[in-house]
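What follows is a single structure, written as structure tokens, with notes after it.
The values are calculated or read from the model by the stated rules, or taken from the named source; none is laboratory data. Model, not experiment: these values are computed from the prediction. The area values use the complete protein model at the heavy-atom level, side chains included, leaving out ligands, DNA and RNA. Shrake-Rupley method; radii C 1.70, N 1.55, O 1.52, S 1.80 Å.
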Amino acid sequence: MKYLKGALVSYILPAMAAFAMAFGCSQTSNTSYLCKHQYALCTSAMCVPQPGDPTKATCFCDVEEGTSMSTSSCDKLKPSRDANGIGTVYSTFSFKQFQEGKKGMQCPSGTPWTWCLNKLCTVDPSNPKRAICTCDVMRTGEWTTLGGGCDTSTCMTGYWSGATIQAFEQANSFMTKALGLDKSPAKWCQADTP
């Protein structure tokens, strides 16, 4: 897998680790990786709870090519194709949908959302620009998503792919620095920003 120069950046974030341990989540990592390959982008994905397993949801994500962030090494997240031609990619984070004009929406703790970072996804055989990913259903922590079109009433029912505010702040800071940007392209629906 091709890495960008200076792509591996480590952050020691004891507060985030404490948050994750307190809520039994594994959403944070002390290391972030900047990868360059094909990936699933789930930042605005609508998800549907899986029958018989309230801890998982099926999410419908975009397939993109280029630079993205993960908390697992890029080598472990390589896209692949099996003997039958079925492609797989992993869900990672990028600014692409922010750059296209989507805005982040904050939702309250206790509402259902999904955590898709580093999850394995199947590329839709009928549409190679879409991926189907199995993500973890969460209900703890204030969270943010690019889904919902700034309609906060969908926080209760949408099962949007999202991230805790803390996890988003980590990813936003990492990507802004790693890409050498003066300012993050992230924009928000609400006047109050994370």
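Where does each of Ile86, Ile165 land when they are ordered by accessible area, with a 1.4 Å probe and the largest first?
Descending accessible area places them as Ile86, Ile165.
With a 1.4 Å probe and every protein chain kept in, tell me what percent of the accessible surface of the range 123-178 is carbon plus sulfur.
Of the solvent-accessible surface of the range 123-178, carbon and sulfur hold 54 percent.
If you stretched the chain out fully between Ser126 and Ala83, how much longer would it get, using 0.36 nm times the residue separation minus the C-alpha to C-alpha distance?
Residue separation times 0.36 nm, minus the Cα-Cα distance, leaves 13.8 nm.
Roughly how many whole Å is it from the C-alpha centroid of the range 102-157 to that of the range 160-186?
16
Per residue, what accessible area does the range 43-170 have, given a 1.4 Å probe and all protein chains present, in Å²?
Value for the range 43-170: 44 Å² per residue.
Got a sec to turn the phi values of the range 34-43 into Karplus ³J(HN,Hα) couplings, 6.51 cos²θ - 1.76 cosθ + 1.60 with θ = phi - 60°, whole Hz, x for Gly and Pro?
9, 10, 10, 5, 6, 8, 8, 10, 10, 4
Residue-wise, which Karplus ³J(HN,Hα) couplings in Hz belong to the range 163-176, taking 6.51 cos²θ - 1.76 cosθ + 1.60, θ = phi - 60°, and x for glycine or proline?
These are the phi-based 3J(HN,Hα) values: 8, 4, 4, 5, 5, 4, 4, 4, 5, 4, 5, 4, 5, 4 Hz.
State which entries of Lys36/Lys56; Lys56/Lys96; Lys78/Lys103; Lys119/Lys183; Lys103/Lys177 exceed 22 angstrom in Cα-Cα distance in the structure shown.
Pairs exceeding 22 Å: Lys36/Lys56; Lys56/Lys96; Lys78/Lys103; Lys119/Lys183.
Which value, in Å² rounded to 10, gives the accessible area of Glu169 with a 1.4 Å probe and all protein chains present?
80
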